[in-house]
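Following: one structure in structure tokens, then a few remarks.
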Amino acid sequence: MKRLLILSLLLWVCVVFYVGIYLFVGGFLLVRLEVNRTSTCGDVLHPGEEQGDFCHVKPRFRRAVLLIIDALKIDFARFDPTNATPRHYENKLPVLEETASSRPSHSRLYPFRADPPTTTMQRIKGFTTGSLPTFIDVGNNFASSAILEDNLIHQLGQIGKRVVFMGDDTWESLFPKKFYRSLPFPSFNVKDLHTVDDGILQHLYPTMVSDDWDVLVAHFLGVDHCGHRFGPDHPAMADKLTQMDGVIRSVIERLENDTLLVVMGDHGMTDTGDHGGESQKETDAAIFLYSPSPLFPKLPFQSEPDVVPQTDLVPTLALLLGVPIPYSSVGQVLLPLFPPHGQTEGAVGGLSQLEALWINAKQVNRFLKTYSGMAKDIPAESLSKLQDVFSRVSSDYLSTVGKGQTPSPELAASLQAYLTSVRDTCRATWARFSPLKMAAGLAILAFACLLCFILSELSCVLIRENVLRAPVVAALSVGVCVAAGQLFTQGYIEVAWCLAAAALSSELLFLWRAHRVRTSVVAGNGSKAPKRANWLTLRHLLVPPLLVSLLRCASLLSDSYVIAEGRVVTFLVFSLSLYIPIHLNWDGLLLPPSHDPLKPAGLLPSPALSPSAVRKESSTLVACLGLLVGSLYLSLSFHGCREEQGTCQPSPFLSPLSRLQDNKLKNLHYVLSLASLGLWTYLLRRWLRHYGNLNSSGGTVFTARVILPLLSVCLGLHWAVSATPEDSFRNLADLISLAQLALPRAAFCLLGLGLLLIWLDPLTVFVKTRTVAPARGSSLPPPRYRASTGISPQAELHHLIPQIYQRMRRSLEDGELSGGAELDSRPAVEAYGLGTVYSAPLLLFCGLLGIGLLLLHPEGMALSFLLLLLQTGALLHIHASSTALNSLHGAHSGGFDVPWTPVVLWSLAATQFFHATGHLPTFPSIQWNAAFVGFPGGHTGTILPASLVTLNTFASHILFAAGCPLLLFWPLVCEVRGSRGVRAVGEDGEDAVMEMRLRENPQQFSSALLQLSTRYLFILGAQVFASVCAAAILRRHLMVWKVFAPKLMFEASGFLVSCVFLLIGVTLVSRVDMAVGRWFKRLLPDESR
């Protein structure tokens, strides 16, 4: 087996795909250009445009208190006295509505709408800079970097205001060394509801009564963490909101007349407590404004806003506190907070509505001019229109003020319309694309898919040629030349273009080499050229499995398909599975041929074509198809729901046991989860025992016998401890906390030890030598070469291969076998588990890995993982039975090639179980709780939590990619005697030697493994290419950032993870092959003596 060549080819293909994805994403998800300029006090132009120091004018308010209640959605803030049976999150903040209704001139409550992505770091950026976020910023939510753009915190510090902060430590990383005093608390542990809030309350009231602050910022996290852990409709949420109600009341009592209070949420949350997307439940937070002195007009403002955009808080607070509006802000002042023109007597140093709008418009116009001079992404036509509107409004305003006339309401409306137009234009154009990078990425991905297809179809030819050396050398040479050229002409190196040049040159050279190899094969063989040389024909390409894959790729251009993908993929898996027996029946292979009595005896079917064998395989296929359909149907019960799906209700199994309040339901879920985990473990061990793979004393067998059960026990105990309510067993609180830490970490250690033992010692073969005794009542010699197929009455002899060294000598030595009579006198060798020597360690590896991934999921997903195991087994047996039926009828093509149908089914099943484990290609559906399994106290870095969340999100991709080689082994594992049409050496006829056929034909083994891997990569790569095309073509589509861009990110990430674990699976097969080779080298000399 050519292990190094296979791994090198697969690694090269993966790298080429990575480069294409990197280039396209770099051109599609560029970060908005930041204008690193700062507003100054002299920049604030007064009505007559005279220069002055705005900051020395007495502001409307001397102090401000900002209480940020993370995830305070507007539904939490509203109060309905007619609601007799409120839910846990309803009517728990009565202070807001009470104050707003009893003191309307002092307070207001508004919906506070955030711009997506609704993650905390982006929201803090939004309501401190007044700028709009970009899509790619969501990736920085847990790796916050300092804000470089002009912002409120910087402006307040510039004029000497003392800003005191306490709460979410994200602020400390965004504004390093910007606070007069800072009390940050760790924010990433979503299971901790009280540490941050209690820490704030220890310092909040003492700080308020002191005189060493001007602006106080307190960011509470308990409500957000309660939503993540329990969801909004939970008693813990009622307790937390009630606590916040008391906090707001206490703060109001301590306010002075010159202090403004702002209570606000940074984003909302879904019904499951998540956020990050752009549904209305996620974007609509609440904002409450209050001051002991009159803040709003006595009469209701005629244009009272229905919703306040978060960016509008920045210019409003800046002008109320007497600081310049941050340079890059595109927000609009909140007019009700400013008195109408000519009514500013009651607010010393205050600005009127018109004056505030004018200052705001001048600032936005200045930013627009600066930005358009630095970046050319705003369309010239839109820019020209905006400049014309501002010139006209500016002229009207200056003329009105210069003449001392009373401004008309239309003037204020025109200024508001201008500010709204600027923000809408920026929002529409700040998805900055690089068409050249996107085109290069598309080209590289298209060629990568093509070379993957060619590798799969010409694997038997290309495996004999050293086709990789020239493309790799060309890639390195071209990459270095491009880098040198850039350094010489530009003075710096753009890595992206060096990688693009290297990847394209490598792909083109490989395609040219493959064409030459194919041409030489056809020319050398003439009419006897292999069928695979004619792979690029319409009949060969338009086969049903490839058509299904093509249909799915085309459907990725539809937002409706992406939204309903979970159910559609389930339907495709069912349809393609049903195609297999229909196709077999169409070809007359599903049932044994009927006997025609008129036919001559010499034309009777071969004894190899046993009707009972055909019926057995057909029955197995139909039974497995039924199991598959049942698993598919049940797996629909574990799907999550997108916001666009309306009345869809997410699966109750997605909620952790700790969220369930009904004890009977909680116990039922726990019993189901425990039973599913036990059945998963039992089925793995039962399969290994059935095929004789638990008899040796190696590391893999130790893992199956000891580590696998221990890991299951740890997982079951961890679920029990995690489901324990916090207020239960108070005397055992410390022990429970220790168990929550120790049990998952023990499971991680067992998992790592088990995987390491499988990797280091993958062989599961037990060898026993015995002298052949003469058979009683029979003079026939013992069989020379056979593997039991499970029908032997002797349980201890299941799947052993006597005298295996006789047949295997051909794969290790060039010489001929010795004569049969000479060998009969030698001792026989019983090799337990040799028939499944490749599949056993790989299956155990995937099974162990599956339990580890289950640890990162909610407990209810255990049943879904069991369905995954059953569905995988059904797919493998359907493939094996189909192969056996083709072989029994003589329709098998020979070799070990895996057809397209099972490969496409395998890839579709990976996507189907991505949805069946509760995941969706949306950011709010990410199960962040996985980051804290075994780490309830949080993390010091971001690599480990990011890795845990990635393993949780792409668990199905990981398991199906690592287990992909099982498609090659399973028809051999389930091999029927005589099904392959290969004659044995002795007189005993044909033998079922299972996976040892691979050792007998190393060239075909290498070719088949390479073909299977590249076919799987081709299907996955085609899906990525389709997602990339959808994002490129529909980049101005209304749903691009809500549907297509997230789908692209998840599809690309899933492909990257799948590539890694496919390489791991193939490498494990290579290690098993090396171990088998060493085992035979040790065995043969001993047996030859």
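Can you give the net charge of the other residues whose Cβ lies under 15 Å from the Cβ of ASP388, counting K and R as +1 and D and E as -1?
Value of the local net charge: +1.
For LYS403, which lysines qualify as cross-link partners when the Cα separation must be under 22 Å and same-chain residues fewer than eight apart are set aside?
Those lysines meeting the cut-off are LYS362.
Using only Cα atoms, locate the centre of segment 94-127 and the centre of segment 857-887, then give the distance between them in Å, rounded to an integer.
Each part's Cα centre sits 51 Å from the other's.
Considering Cα pairs under 8 angstrom that are at least six residues apart, work out the relative contact order of segment 31-431 and quote it in whole percent.
About 26 percent, as a whole number.
So, R0 is 25 Å and r is the distance between the beta-carbons of TYR180 and LEU148; what FRET efficiency does that work out to, to 0.05?
Computed FRET efficiency for TYR180 and LEU148 comes out at 0.75.
So how far apart, in nm, are the two label points at LYS403 and ALA946 if each is 7 Å from Cα heading toward Cβ?
Taking the simple label geometry, LYS403 and ALA946 are separated by 6.1 nm.
Stretched out fully, how many nm does the piece from LEU542 to THR370 gain, at 0.36 nm a residue minus the Cα gap?
Additional length available on full extension: 56.4 nm.
List the GluC sites (Glu not before Pro) in segment 230-327 that DSSP assigns to loop (not H, G, I, E or B) and whose Cβ has at most 10 other Cβ atoms within 10 Å. Which are they?
For GluC sites (Glu not before Pro) across segment 230-327 that sit outside H, G, I, E and B with at most 10 neighbouring Cβ atoms in 10 Å, the list is empty.
Give me the one-decimal nm value for the distance between modelled label points at SER8 and LEU33, 7 Å along each residue's Cα-to-Cβ direction.
It works out to 4.6 nm between the two label points.
For segment 75-133, what does the relative contact order come out to in percent, with C-alpha contacts under 8 Å and a separation of six or more?
Value for segment 75-133: 22 percent.
Mind ranking LYS1042, LYS281, LYS1047 by accessible surface for me, highest first, 1.4 Å probe?
Sorted descending by solvent-accessible area, the residues read LYS281, LYS1042, LYS1047.
Would you pull out the residues with amide H under 5 Å of ARG642's amide H, same chain only if 5 or more places away, H placed 1.01 Å from N?
Amide H neighbours of ARG642, under 5 Å, 5+ apart: none.
What is the Cα centroid distance between segment 192-233 and segment 646-720, reported in whole angstrom?
If we compute the Cα centre of each part, the gap is 39 Å.
What ³J(HN,Hα) values, in whole Hz, does the Karplus curve 6.51 cos²θ - 1.76 cosθ + 1.60 give for segment 910-925 when θ = phi - 60°, with x put for Gly and Pro?
Going residue by residue, I get 4, 5, 4, 7, 4, 6, 6, 9, x, 8, 9, x, 9, 5, x, 7 Hz, with x marking Gly and Pro.
Using 0.36 nm times the number of residues separating ASN257 and ALA484, minus their current alpha carbon distance, what extension gain do you get? It would help to have the intermediate numbers written out before the result.
Working: separation 227, 0.36 × 227 = 81.72 nm, distance 6.65 nm.
That works out to 75.1 nm of additional length.
Roughly speaking, what is the stretch gain from THR82 to GLU494, that is 0.36 nm per residue apart minus the C-alpha to C-alpha distance, in nm to one decimal?
On the way: separation 412, 0.36 × 412 = 148.32 nm, distance 6.40 nm.
Taking THR82 through GLU494 to full extension adds about 141.9 nm, to one decimal.
Using a 1.4 Å probe on the protein heavy atoms, what percent of the accessible area of segment 31-431 belongs to carbon and sulfur?
C and S atoms contribute 52 percent here.
I need the phi-derived Karplus couplings for segment 670-675: 6.51 cos²θ - 1.76 cosθ + 1.60, θ = phi - 60°, integer Hz, Gly and Pro marked x.
5, 5, 4, 5, 5, 5
Based on the Cβ-Cβ distance from LEU738 to GLN645, what FRET efficiency comes out when R0 is 30 Å, to the nearest 0.05?
Computed FRET efficiency for LEU738 and GLN645: 0.10.
Obtain the nm distance between the two label points defined at ARG1035 and ASP587 by a simple spin-label model: each point lies 7 Å from its Cα along the Cα-to-C-beta direction.
My value for the distance between the label points is 4.5 nm.
The values are calculated or read from the model by the stated rules, or taken from the named source; none is laboratory data. Only a predicted model underlies this, so the values are computations on that prediction, with no experimental measurement involved. Positions of Cβ are backbone-derived with ideal geometry, glycine not excepted, and every protein chain shown enters the neighbour counts. Remember, those area values only see protein heavy atoms, side chains included, never the ligands or the DNA or RNA. Shrake-Rupley method; radii C 1.70, N 1.55, O 1.52, S 1.80 Å.
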